[in-house]
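Trainee: Dropping a structure here in structure tokens format, bear with me for questions.
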Amino acid sequence: MRSVPGVVPARYAEALQEFERIVGKENVYTSDEDLDLYRDGYSILWGEPEERIAAGAVAPASVEQVQDIVRAANKYRIPLYAISTGRNLGYGGSAPNYSGSVVLDLKRMNRVIEVNEKQHYCIVEPGVSFFDLYAELRRRNLKLIASQPAPGWGSPIGNALEHGRGNPAGDNFRNSCGMEVVLGNGELLRTGMGALPNGKTWATYPDGVGPSLDGIFSQSNFGIVTKMGFNLFPWPQTIRHLRIATHNYDDLDAMVEVCNALQTQGIGRGSGVFSPLGMTQAPDVVAVFTRRGGGTAAEINRLAKAQNMAVFMMSLAFAGPDKVTQAQFEVAHEALSAIPGIELSSAGIPGIGPANDTVVRAPDDLATLTDDQASNFGKPSLQRFWEDTAQFSWDGHLWFSPLLPQTGEELRKAHQLLGDTCREMDFYWGLPPALLYNSAAMGCAASAYCIVKNFSVSKSDSEKNRKTREVVLRLIRVAADNGWSEYRTAPALQQAVMDTFSFNNHAYIRTCELIKDAVDPNGILSAGRYGIWPRHLRKARS
Amino acid sequence: MTNRREILQAALAAAVVLPSFGAAAAAPARMPLCKVLYDPRTRAGLAFAATAKRMGAPLHATHGDVTGVWFDELQPQWRQHRTAAAGLTDFHSLFVLDMMARDAGMRAVYIATHQVCARDRFEHRLFGPRDLIRQASLATAGYGWASSAAGIVTSFPDAVSVAAKYSSIAEARNIELTPCDLVSWVIAPPRRDI
């Protein structure tokens, strides 16, 4: 039996016995071989004394069991760490923030509670994966899409609570509606219209009356979400793509400006900015991006010409009735044609959209489509994860994902400053992708670019991992100094990111701590998550 | 620590004697397999499949992406009965299938890594039940090691423990591989002493 900090072994043993009474002995895990499965396989602290390790795991099958476990944990002061499917790799896996926590593994709570085909929503439990939800929609033969990331092995609830980005919704949290939560004292709460007994608009109207509470349960440790509603999207009749490419570094600002103007009118869904040149490993290109400054615009343009590769590439997707998407395509094509030197084609970004001139039409049977095409109609995949993994490191990776204003100027500045930070510390920064982070499906104007930079993790070289931690910590600082921040990060870095949210003497985290103390007075839920610590583990803030 | 016997140089190892179905009656119970995956694009995959087929294994060809076999075949099967699967694939295919298998209370109980060390030459490391690994060895000639690997996974004993006392499988979590390397593996419900 492993140890729980601050709890004597005999007391922990009693707690485990109580957990066993609640969920059955077979659903309580204490052996090393079982708990090894709860290590974060992509941990940047792999094999080091600081690696976050669970002391046990318990897997309930119902809300009532979750409540009973929480009450027992309060009684014995056992720290819990809730996970859904635990596959948030690159941003943290199943391992807790606070070593010695007992993982509350919700994978057995895997029921699709409701699918409403007329109002296009579903209500699910945390153990439901995107694959499970897709299977349920197919089983019912419903032509509906659940917004999902690549890959689809995670859970809608876990992903949304992390503000994961999905297709077609954008921010999956913004695509949710209504939740059920077990608070730190075991109390059961329903938000929005769910607070009304038998409320019939729980999953369609998000706010209820009074303050909206849902947001406080994302990236936090105030409760354990046991149900959540999500919007579903009808299959579009057609999907068209417009690819915009340039061999000129300075065209970026105009490309972004025109695409933004189109999207804020609800014309097209943007992909973000990709750089085929910046991602290639061709020696001439690597040599320039390794040098301080990362090359001038003229040098980059010369490289693009020599390599016959676009410096920047964007795409717009148009989804809906045939006549509408045709008209949108034509409007966007005309607007973008005004930028001299721009290359336009009716295709997607290679690797994430159709590579040829196709109009994807909603099929009678998804099996008639390629996997790429079928993903537009909600078919999840494991392949995208494979592609990322094979491209970078099979040992694992860590994402650095700062958000910045959606302008070409700011994106070029970020590449310069963050790139130089990497280069000073002998890390490579080409021109990593900047995904569009918004509620794109709604045609929402509020959006940002999210640079997704991948750092490889080693299973055998802790010195390499130490240097990677050092560079990412410095990047977090440089980003914050320029008004940018990561939107999501791994447990090992959450404290550092939260520390940069320091407006008015850290008023934000101080308010989070007030809420924490109120809803989880014994501090048993997910201690340290996103820098929110219970009172007894709180350190003096510098 | 992995001992010298567990690091098998193909050039040094002796050929494994494959158990036949006729001989299986006297041996410990074999683990039933619902699918045995291989990649027909590789010579090793073809050699592996040929032997697995002789052993009566339910073969399934993959081409890198295991989404289809997992979603259409393994997951429905695992929802009904926890039945083992095996294969010779790239590491990533094993990695994702191992992750998905955990939802069904299963996991990798045996992993052999086959790392490219020169043209058509591989270095092999085996992780799993210590008794089995002590006895196992892989053939040397050509891609004979892949046939041997198929023999091991298709005659794998039923109900193995993954406790460190009985198994070295935990050490496999520290392995470092490249996309060129291959792994043979068994995913199964382990014996839990609770």
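Trainee: Multiplying the sequence separation of A:Arg140 and A:Val209 by 0.36 nm and subtracting their Cα-Cα distance, what value in nm do you get?
Mentor: In short, 21.4 nm is gained.
Trainee: OK, next. Give the calculated FRET efficiency between A:Thr368 and B:Arg41 to the nearest 0.05, with a Förster radius of 25 Å applied to their Cβ-Cβ distance.
Mentor: On the way: r = 25 Å, r/R0 = 0.98.
Once the sixth-power term is evaluated, E becomes 0.50.
Trainee: Out of the total accessible area of the protein assembly as shown (probe 1.4 Å, heavy atoms of protein only), what percent is carbon and sulfur?
Mentor: Details: 15460 of 30010 Å².
Its accessible area is 52 percent carbon and sulfur atoms.
Trainee: I'd like the distance separating the alpha-carbon centroids of the stretch B:130-163 and the stretch A:296-333, in whole Å.
Mentor: Comparing the Cα centres of the stretch B:130-163 and the stretch A:296-333, I get a distance of 52 Å.
Trainee: Next question. Give me a comma-separated list of calculated 3J(HN,Hα) values for the stretch A:362-379, in order, Karplus coefficients 6.51, -1.76, 1.60 applied at θ = phi - 60°, integers in Hz, x for any Gly or Pro.
Mentor: 4, x, 6, 9, 4, 5, 7, 9, 5, 4, 4, 5, 5, 5, 5, 10, x, 7
Trainee: So, one more: Would you kindly derive the ³J(HN,Hα) couplings of the stretch B:31-40 from the backbone phi angles with the Karplus curve 6.51 cos²θ - 1.76 cosθ + 1.60 (θ = phi - 60°), listing them in order in whole Hz, with x for Gly and Pro?
Mentor: Going residue by residue, I get 7, x, 10, 8, 8, 10, 8, 8, 10, x Hz, with x marking Gly and Pro.
Trainee: Nearest 500 deg cm²/dmol is fine: what mean residue ellipticity at 222 nm does chain B get from its DSSP H runs of n ≥ 4 alone, each adding -39,500 (n - 2.57), divided by its residue count? Don't skip to the end; give the middle numbers.
Mentor: On the way: 5 runs with 46 residues, N = 194.
That comes out to -6500 deg cm²/dmol.
Trainee: One-quarter of the Cα convex hull surface for the stretch A:112-234, in nm²? Walk me through the numbers on the way to the answer.
Mentor: Working: hull surface 28.4 nm².
Averaged projected area of the stretch A:112-234's Cα convex hull equals 7.1 nm².
Trainee: What percent does the relative contact order of chain A come to when contacts are Cα pairs within less than 8 Å and at least six residues apart? Can you show the working numbers first?
Mentor: Working: 1144 pairs, mean separation 91.3, N = 542.
Averaging sequence separation for qualifying contacts and normalising by length gives 17 percent for chain A.
Trainee: Add -39500 (n - 2.57) for each DSSP H run of 4 or more in chain A, then divide by its residues: what number comes out at 222 nm, to the nearest 500 deg cm²/dmol?
Mentor: Values: 16 runs with 178 residues, N = 542.
It lands at -10000 deg cm²/dmol.
Trainee: Which parts of the stretch B:78-92, residue by residue, lose 10 Å² or more of accessible area when the rest of the protein chains are there, as against the chain isolated (1.4 Å probe)?
Mentor: In the stretch B:78-92, residues shielded by partner chains: B:Arg79, B:Asp90, B:Phe91, B:His92.
Trainee: If you don't mind, another one. For the pair B and A, how large is the buried accessible area, both sides, in square angstrom to the nearest 100, if the probe is 1.4 Å? Mind showing how you got there, number by number?
Mentor: Numbers: alone 9940 and 22990 Å², together 30010 Å².
Looking at B and A, the buried total is near 2900 Å².
Trainee: Additional query: Please turn the phi angles of the stretch A:214-227 into ³J(HN,Hα) values with the Karplus equation 6.51 cos²θ - 1.76 cosθ + 1.60 (θ = phi - 60°), one per residue in order, whole Hz, x for glycine and proline.
Mentor: For the stretch A:214-227, the Karplus curve yields 3, x, 6, 9, 8, 6, 9, 9, 8, x, 10, 6, 10, 8 Hz.
Trainee: Let me ask another. Against the longest alpha carbon principal axis of chain A, how many degrees, from 0 to 90 and to the nearest 10, is the axis of helix A:503-519 turned?
Mentor: On a 0 to 90 degree scale, this one is about 40.
Trainee: Using the scaling law 2.2 N^0.38 Å as the reference, what is the normalised Cα Rg of the protein assembly as shown?
Mentor: On the way: Rg = 26.2 Å, N = 736, 2.2 N^0.38 = 27.0 Å.
Ratio of Cα Rg to 2.2 N^0.38 Å: 0.97.
Trainee: FRET efficiency for A:Asn198 and A:Arg71, Cβ-Cβ distance as r, R0 = 25 Å, nearest 0.05? Walk me through the intermediate numbers first.
Mentor: Numbers: r = 26 Å, r/R0 = 1.05.
FRET efficiency, A:Asn198 to A:Arg71: 0.45.
Trainee: On C-alpha positions alone, give me the angle between the axis of helix A:408-424 and the longest principal axis of chain A, in degrees, nearest 10.
Mentor: So the helix axis and the longest Cα principal axis differ by about 70 degrees.
Trainee: Taking springs between alpha-carbon atoms closer than 10 angstrom, which of B:Thr42, B:Thr62, B:Thr113 fluctuates most in the Gaussian network model of chain B?
Mentor: B:Thr42
Trainee: Could I ask something else about it? Whole number in Å², please: accessible area per residue of chain A, 1.4 Å probe, ligands, DNA and RNA not counted.
Mentor: 40
Trainee: Per residue in the stretch B:174-194, which ones lose no less than 40 Å² of accessible surface when going from chain alone to all protein chains (1.4 Å probe)?
Mentor: B:Asn174, B:Glu176, B:Pro179, B:Arg192, B:Ile194
Trainee: Once all Cα-Cα distances of the stretch A:238-473 are split into 10 Å bins that start at 0, what whole-number percent is in each one?
Mentor: Computed distribution, short to long bins: 7, 30, 35, 22, 6, 1.
Trainee: For A:Ser485, what residues show an amide H to amide H distance below 5 Å, using hydrogens built from the backbone and excluding near sequence neighbours?
Mentor: Here the answer is A:Leu403, since their amide H atoms fall under 5 Å of that of A:Ser485.
The values are calculated or read from the model by the stated rules, or taken from the named source; none is laboratory data. This structure is a prediction, so every number in the text was calculated from the model and none was measured. For neighbour counting, all protein chains shown are included, and Cβ atoms are generated from backbone atoms with ideal geometry for every residue, glycine included. Quick note on the areas: whole protein, heavy atoms, side chains included, nothing else; ligands and nucleic acids left out. Shrake-Rupley method; radii C 1.70, N 1.55, O 1.52, S 1.80 Å.
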